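Each reported figure results from applying straightforward, stated rules to the coordinates on display, with no laboratory input. Because the structure is predicted, anything quoted here is derived from the model rather than measured. We place every Cβ from the backbone using ideal geometry, glycine too, and count neighbours over all the protein chains shown.
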């Protein structure tokens, strides 16, 4: 589903503050895989994810998503198959817009944003129904601005928004980093459910080793822009949580 | 009383400008001061085409296209060349001065005793009343169009662009193109104000646009203060308040002149008034400065 071939990313090339964020990464992610990426700060995880999303372009190498070469395709075009949840809840939703308007935009992610009014009663009911599956009681607040909700609620809604329109790949960049443990748990469980129900191919970046242990069927450890460890399905399930802590030891 | 009627008429003329600033400043979060140039551009094109006896709808379309072009130019400079929006606006505004004076060939064109938008239909024998009715209908139609636009899928994307760029890009919107379109729309509206004012006051002057952006800003800031106080989230009410802001602004100026303040001091009164409106909410909520 996602093929990353010998990708490099150098920031500020040729200057004293040059950073080799990603160094010759080869990574092939199969359809419906749930890949977890762990690694210290500055190990290149987020840069790699941003290159898959298209908000950063590689300095060299190629990226294929669903058989299509997307190496130089901007993020707003890749969004036809890729949905994202950001670390900052503000980045994934528009605060001043109502929940309903946020969902409207999400429901036409892969389509033209035309000159007709798409928010009607049918749509409202559809959104209410979706939101009620979260069990957070937000279905009666859909006219409220997104900004009135907590970070956890916003992240849960962002997840839900990603499956409002056809979606193949879900990118999760530390979606729970800004949340309290309880909200984080709700968000991660929602993510897992959606990934399973919609059969998504997904990448999760996390610093939470418990999540890294509990979720996903493949795990990689990144360091200095390279893949240091790569454990496939069987190896990951054989992994103990303490082994993970040792990786960072 | 005629004095205040004129203020009302001017307020209505400037409501298109206020809507334009509302779009660039509040919806897109871009400080756009192409305004001074595109406003005059609208007035200049109106004057020239009236002199060439063009029908008023042809003039209106030309004005909208010209204003849109000016705004799009600012948008392209801002997004494609990655130049600060404020500077991009100043560049286009400065260039437009030459465009305007070259087009007009003179610094002032009187439009007396020529057919205009306000002589199109005769509702009342009094020219001012006639102008009032035509202007009101005109402004209502513009507001309805903009209100509808902001409710559409395209409009929601516009609002999201100024609010959370990362989000709307991940939802498939080319934000550069959206900003260019938004600035084009804002300046088309501004040019329409030039179209209205030149016909209402009966002349176009090359310097009529100098500092005009403050009228739009003032109107929007009045509206925004009210929107915050009354906790309004409806798009329609917000637009109505922007129109109200434009009219209140002209009334304040009219009252200032009426109580005998030297017209030379009008600009300082304007500046102080806008400052007051901006700072008022902060002064009255001194208790929670962190808000």
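Mean-square fluctuations from a GNM of chain A, with a 10 angstrom spring cutoff on Cα atoms, peak among A:191, A:94, A:156 at A:94. A viscosity of 1.002 mPa s and a temperature of 20 °C, combined with the Kirkwood radius over Cα pairs in Stokes-Einstein, give a translational diffusion coefficient for the protein assembly as shown of 82 µm²/s. Of the beta bridges in region A:2-247, as assigned by DSSP with both residues counted there, near 55 percent are antiparallel.
For the peptide B:149-162, the mean number of other protein chain Cβ atoms found within 10 angstrom of a residue's Cβ is 6. For chain A, the relative contact order comes to 27 percent (Cα pairs under 8 Å, sequence separation of at least 6).
Count, for each residue of B:170-182, the Cβ atoms from other chains sitting within 10 Å of its Cβ, then give me the mean as a whole number. Intermediate results must be reported in sequence, preceding the final value.
On the way: counts 20, 19, 16, 6, 4, 3, 2, 1, 2, 0, 0, 0, 0.
Across B:170-182, the average partner-chain Cβ count within 10 Å equals 6.
Restricting things to alpha carbons, find the Rg to Rh ratio for region A:2-247 using the Kirkwood radius for Rh. If you can, show how the numbers build up before the last one.
Working: Rg = 18.4 Å, Rh = 18.8 Å.
Result for region A:2-247 is an Rg/Rh of 0.98.
Using a 10 Å cut-off around each Cβ of peptide A:113-125, what is the average number of partner chain Cβ atoms that fall inside?
Per-residue shielding by partner chains comes out at 3.
Among beta bridges identified by DSSP and lying wholly in the protein assembly as shown, the antiparallel ones come to about 55 percent. Legend: P(r) of region B:40-187 from all alpha carbon pair distances, 5 Å bins from 0, whole percents, reading 2, 8, 13, 16, 16, 15, 12, 9, 5, 3, 1, 0. On the principal axes of its alpha-carbon atoms, chain B has extents of 54, 43, 34 Å, going from largest to smallest.
Given the rule -39500 (n - 2.57) for each run of at least 4 DSSP H residues, summed and divided by the residues of chain A, what is its mean residue ellipticity at 222 nm, to the nearest 500 deg cm²/dmol? It would help to have the intermediate numbers written out before the result.
Details: 10 runs with 86 residues, N = 249.
Result for chain A: -9500 deg cm²/dmol, rounded to the nearest 500.
Given the options B:219, B:164, B:98, state which has the largest fluctuation in a GNM of chain B using a 10 Å cut-off (strictly under) for Cα springs. Per the Cα network of chain B with a 10 Å cutoff, B:164 tops the list.
Over the residues of chain B, the helix contribution to mean residue ellipticity at 222 nm works out to -25000 deg cm²/dmol, using -39500 (n - 2.57) for each DSSP H run of at least 4. Report, in whole Å, the centroid distance computed from the Cα atoms of region B:206-269 and region A:15-45. Each part's Cα centre sits 53 Å from the other's. Among A:51, A:188, A:90, which one shows the biggest mean-square fluctuation in a GNM of chain A, springs joining Cα atoms closer than 10 Å? Top of the fluctuation ranking is A:90. If you wrap the tightest convex hull around every Cα atom of region B:118-249 and split its volume per residue, you get 136 Å³. Give the average over all directions of the projected area of the C-alpha convex hull of region B:170-234, one decimal, in nm². Quarter of the Cα hull surface area: 6.9 nm².
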